[in-house]
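Comments concern the structure below.
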Amino acid sequence: MSTDTGRANLSPPKYEFPRLPLGGFALDLLLARRRSFLKDSRTVMAANPYPRQVRGLENVPSEGPFVLIANHYGRRGLQTYHHAMFITTVIAKHRPHAPNIRWVITSEWYGYHLGVVPIPVWLIRWIFRRVANLYGLVVMPRQASLAVGRAAVLRRLARLAQREPVGLMPEAGGSGTLREPLEGSGLFLRALSERGLPLVPAGVWEEDDTLVVRFGEPFALSADRKGSRQEQDRRAREQVMVAVGRLLPPAYWGYYEEAIRRSLREG
């Protein structure tokens, strides 16, 4: 399935956040007024008429809750929220009777710049919290030391996931090639899987100037309890990222290249 095809470019497409159509965004952000993430996603995609392609959409459940797990893909001119918005619009078309998906975002980014000026982490945290309130997103603490805060968020997510689709990028950072997700995310996803929620992997990358999203078949995580909790978490995270990585071209396999190759050999 292809969608939103546009002109070909010699340089990578530069996705933008349209200022005029979303003119009330800044005011709503400051006043903490709610907005529709789906509606704004449609506006942003319409303002960026670049080639985009969807594969494997038949693997997304047409009804009921599920957990979407995507890789964290981005570059200069294409932020992670752009492909999250693309996925949001695609799922809405596929499930018009239940179009929304609740996204999980990280609490902060490090080393982010506005031009050459570094943006302080405290400001990024404040903006992310405001954006989360604006769209009803869930903020996951990035620092492993914030165990209590993470546990509270995970409990909230577990409740939400029983009622509506939830989307997350467990790596919580990176620019394309796969890397290890946050510690604890494996056991959390295993707990959701054991409650009967299908885990739907999604691979995101670019082919020339085309943004590609490929959905894989829903899967369940192994209930293997061997070893320490840390080892169980590591195995679960690997299983998740291998499921995502099998949807990506080899150039994006990164940290999980060996595990993905082993999985492909084993069928």
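The values are calculated or read from the model by the stated rules, or taken from the named source; none is laboratory data. Just so it is clear, the model here is predicted, and its values are computed rather than measured. Neighbour counts run over all protein chains shown; Cβ positions are idealised from the backbone, glycine included.
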- request: Show the residue pairs that are 6+ apart or on different chains and have beta-carbon atoms under 6 Å apart, the first residue being within segment 22-34 and on the phi > 0 side of the Ramachandran plot and surrounded by 10 or more Cβ atoms within 10 Å (Cβ to Cβ), the second being at pLDDT 85 or above and part of a helix (DSSP H, G or I).
  value: ALA32/ASN133
message: Residue under question is ARG142, and the condition is that it be in a loop (DSSP other than H, G, I, E, B), modelled with pLDDT under 90 and surrounded by 15 or more Cβ atoms within 10 Å (Cβ to Cβ); does it hold?
response: yes
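Check segment 113-124 and report whether any residue there is modelled with pLDDT of 95 or more, not in a loop (DSSP other than H, G, I, E, B) and not acidic (Asp, Glu).
First pass over segment 113-124, keeping only residues modelled with pLDDT of 95 or more: none.
Scanning segment 113-124, I find no residue that is modelled with pLDDT of 95 or more, not in a loop (DSSP other than H, G, I, E, B) and not acidic (Asp, Glu), so the answer is no.
Residues to consider are GLY174, GLY216; find the one that is more than 24 Å from ARG76 (Cα to Cα), in contact (Cβ under 8 Å) with a residue 60 or more places away in the chain and either crowded, with 17+ Cβ neighbours inside 10 Å or of a type in the set (A, V, I, L, M) (or both). Lay out the reasoning, then the answer.
Values: GLY174 fails: more than 24 Å from ARG76 (Cα to Cα).
Only one candidate passes the filter, namely GLY216.
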- prompt: So GLU164 fits all but one of (1) modelled with pLDDT of 95 or more; (2) in contact with a strand residue (DSSP E or B) (Cβ under 8 Å, 6 or more places away or on another chain); what number is the exception?
  reply: (1)
query: Looking at segment 63-112, which of its residues are in a strand (DSSP E or B) and at pLDDT 90 or above?
result: VAL67, LEU68, ILE69, ALA70, ARG75, LEU78, ARG102, TRP103
task: Could you check, for segment 40-59, whether at least one of its residues is crowded, with 16+ Cβ neighbours inside 10 Å, modelled with pLDDT under 95 and not in a helix (DSSP H, G or I)?
output: no
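In this structure, is GLU206 under 16 Å from the mean Cα position of the chain (by Cα) and over 15 Å from ILE69 (Cα atoms)?
Details: under 16 Å from the mean Cα position of the chain (by Cα): yes; over 15 Å from ILE69 (Cα atoms): yes.
Yes: the conditions hold for GLU206.
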